[in-house]
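Before any comments, here is the structure.
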Amino acid sequence: MADFREQRAALKFCFLLGKSGTETLEMLKTAYKDDAMGKTQVFEWFSRFKNGEMSIDDKPRSGRPSTARTHENVEKIREIIKEDRRRTIEEIVEVRQFLTKNGMTPVSHPPYSPDLAPCDFFFCFLE
């Protein structure tokens, strides 16, 4: 994911100069080419600036924090793999047990079928 902080600073600069969202979008596309922010993002930031929010930092996001990937967990898994790189998934079940014991829920993979595309998997529950 690209870091758009620099572009947001340019957006704020253009906003303070009185440029429109469309003019600013064209300037960003000229300067950043394919890495430029999209139209929706530009207009969302202009809306924030119009509402008096002059910070160019992202708002904090809600949601579940990432707790499963800790230094301890990564090291434990590395140790298991280093011991024998030919281990099967079944042999690494102890990692799953380790995660469960430490209060983390391992997430299973969705079912797979060669004639069931990932997008079809989600639509099959709509019927």
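The values are calculated or read from the model by the stated rules, or taken from the named source; none is laboratory data. Note that the coordinates shown come from a computational prediction; the quantities given were computed from them, not determined experimentally. All Cβ positions, glycine included, derive from the backbone under ideal geometry; neighbour counts span all protein chains shown.
Computed quantities for the displayed model
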item: 2 or more residues in contact (Cβ under 8 Å) with a residue 40 or more places away in the chain and surrounded by 12 or more Cβ atoms within 10 Å (Cβ to Cβ): qualifying helices (runs of 4 or more DSSP H) within region 1-81; result: 5-16
item: Among (1) within 18 Å of the chain's Cα centre (by Cα); (2) under 30 Å from Leu99 (Cα atoms) - the single one Gly38 does not satisfy; result: (2)
item: Filter result (assigned to a helix (DSSP H, G or I), loosely packed, with under 10 Cβ neighbours inside 10 Å and either hydrophobic (A, V, I, L, M, F, W, C) or at pLDDT below 75 (or both)) within region 82-127; result: Glu90, Pro118, Cys119, Phe123
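Here's the yes/no breakdown for (1) on the phi > 0 side of the Ramachandran plot; (2) under 23 Å from the mean Cα position of the chain (by Cα); (3) among the aromatic types (Phe, Trp, Tyr):
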| site | (1), (2), (3) |
| --- | --- |
| Gln7 | no, yes, no |
| Tyr32 | no, yes, yes |
| Glu44 | no, yes, no |
| Ile80 | no, no, no |
